[in-house]
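To start, the structure itself, in structure tokens.
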Amino acid sequence: MSLQRFDLSGRNALVTGSSRGIGMTLARGLCEAGARVAVNARDAERTAAAAKALREDGFDSLACPFDVTDAQQVADGLADCEERMGPLDILINNAGIQRRGPLLDMPEETWAEVLETNLTAVFRVGREAARRMAPRGRGKIVNIASLMSEVARPGVAPYAAAKGGVKMLTRAMCVEWAPLGINVNAIGPGYFATELNADLVADNRFDAWIRGRTPAGRWGEVDELVGAAIFLASDAASFVHGQVLYVDGGVLAGL
């Protein structure tokens with residue numbers, strides 16, 4: 001009986017930035033838990049290919065391409081998504097980018113690009129989803145925060161600022177939307193081996209630093225984020241509001 005609370009059968013989910021990487025892994029995980037999942041990215045062809053791959057594996061999935069940095073595309077995209085799959089029960093706000101460089105030399109346009117994609121888009125897509133969930137009195141929103149919501153390191157100032165903002169935005173969404181029946185929480189990944197940071201994984205010096213800094217002694221594997229996503233998207237987390245669940249191998253536990 002307890003395991004049934006993790007069952008997502010009959011739920012409709014949207015995962016932004018899910019044509020590859022962590023987003024695609026989370027989309028597949030929700031599918032495996034029984035949800036029908038709308039895959040999203042800006043690139044329509046890549047989005048369609050990702051949804052097709054899930055369907056070929058026997059899952060219920062559709063493509064829902066739109067740009068999370070464009071307010072009109074977000075509104076139209078969610079409307080189209082609900083028209084084709086029914087009321088949205090779950091939103092995973094995953095879309096994000098990384099731009100590295102010293103803060104003294106950081107171009108303002110680069111700063112703005114990262115904040116727009118990694119923070120403002122979380123507000124934009126979350127608000128649109130909540131406007132649809134609120135009249136129904138239910139919904140689950142899971143924002144993807146980061147280890148960088150709590151700590152920083154040189155070269156990633158815009159990303160750290162944005163992810164710190166995601167932590168507080170999650171709490172702000174919680175205090176306004178929990179009374180409406182919407183659970184808003186976040187997942188804070190630590191260092192995970194993905195195609196987007198393959199250069200860091202291949203850097204022997206950085207790799208050694210990560211392994212030494214992480215109590216678990218290794219990089220995370222992306223499928224290790226799936227359990228947290230299913231939990232926060234399910235009835236098992238019905239009284240969990242405004243939390244950031246860090247999946248970081250223990251990095252934040254010590255100095």
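Got at least one residue in region 51-72 being more than 21 Å from THR117 (Cβ to Cβ), crowded, with 17+ Cβ neighbours inside 10 Å and out of contact with any helix residue (DSSP H, G or I) (no Cβ under 8 Å at 6 or more places or on another chain)? Yes. Of the residues TRP209, TRP177, TRP219, the single one that is surrounded by 17 or more Cβ atoms within 10 Å (Cβ to Cβ), free of Cβ contacts under 8 Å to residues at least 40 places away in the same chain and aromatic (Phe, Trp, Tyr) is TRP219.
Remark: pairs (first residue in region 104-124, closer than 24 Å to ILE92 by Cβ and open to solvent by 50 Å² or more (accessible area, probe 1.4 Å); second residue not charged (D, E, K, R) and not in a loop (DSSP other than H, G, I, E, B); Cβ separation under 7 Å; 6+ apart in sequence or on different chains) = PHE123/LEU169. Could you check, for region 82-99, whether at least one of its residues is part of a loop (DSSP other than H, G, I, E, B), open to solvent by less than 10 Å² (accessible area, probe 1.4 Å) and farther than 19 Å from ALA233 by Cβ? Within region 82-99 (the criterion being part of a loop (DSSP other than H, G, I, E, B), open to solvent by less than 10 Å² (accessible area, probe 1.4 Å) and farther than 19 Å from ALA233 by Cβ), the answer is no, since none of the residues qualifies. Of all the numbered requirements in (1) over 12 Å from the mean Cα position of the chain (by Cα); (2) assigned to a helix (DSSP H, G or I); (3) surrounded by 17 or more Cβ atoms within 10 Å (Cβ to Cβ), LEU3 misses one, and that requirement is (3). Of the residues examined, SER18 is one that is buried (at least 24 other Cβ atoms within 10 Å of the Cβ) and closer than 14 Å to ALA233 by Cβ.
In this structure, ALA229 qualifies as in a helix (DSSP H, G or I), under 20 Å from ALA13 (Cβ atoms), touching a residue at least 40 places away in the same chain (Cβ under 8 Å) and open to solvent by less than 30 Å² (accessible area, probe 1.4 Å). Residues considered: ASP235, ASP203, ASP199. Of these, the only one that is out of contact with any Gly (no Cβ under 9 Å at 6 or more places or on another chain), within 26 Å of LEU119 (Cβ to Cβ) and acidic (Asp, Glu) is ASP199.
A single entry from VAL184, VAL166 fulfils the requirement of being assigned to a helix (DSSP H, G or I) and either crowded, with 21+ Cβ neighbours inside 10 Å or under 15 Å from the mean Cα position of the chain (by Cα) (or both): VAL166. The residues of region 239-255 that are part of a loop (DSSP other than H, G, I, E, B) and either modelled with pLDDT under 95 or open to solvent by 60 Å² or more (accessible area, probe 1.4 Å) (or both), listed by number, are PHE239, GLN243, GLY254, LEU255. The residue that is nearest to the chain's Cα centre (by Cα), among those in region 27-47 that are crowded, with 17+ Cβ neighbours inside 10 Å, among the hydrophobic types (A, V, I, L, M, F, W, C) and assigned to a helix (DSSP H, G or I), is ALA27.
Scanning region 190-206 for residues that are open to solvent by 100 Å² or more (accessible area, probe 1.4 Å), more than 15 Å from SER146 (Cβ to Cβ) and not polar (S, T, N, Q) returns GLU195, ARG205.
The values are calculated or read from the model by the stated rules, or taken from the named source; none is laboratory data. In this text, all values refer to a predicted model and were calculated from it rather than measured experimentally. All Cβ positions, glycine included, derive from the backbone under ideal geometry; neighbour counts span all protein chains shown. Ligands, DNA and RNA are excluded from the accessible area calculation, which covers all protein heavy atoms including side chains. Shrake-Rupley method; radii C 1.70, N 1.55, O 1.52, S 1.80 Å.
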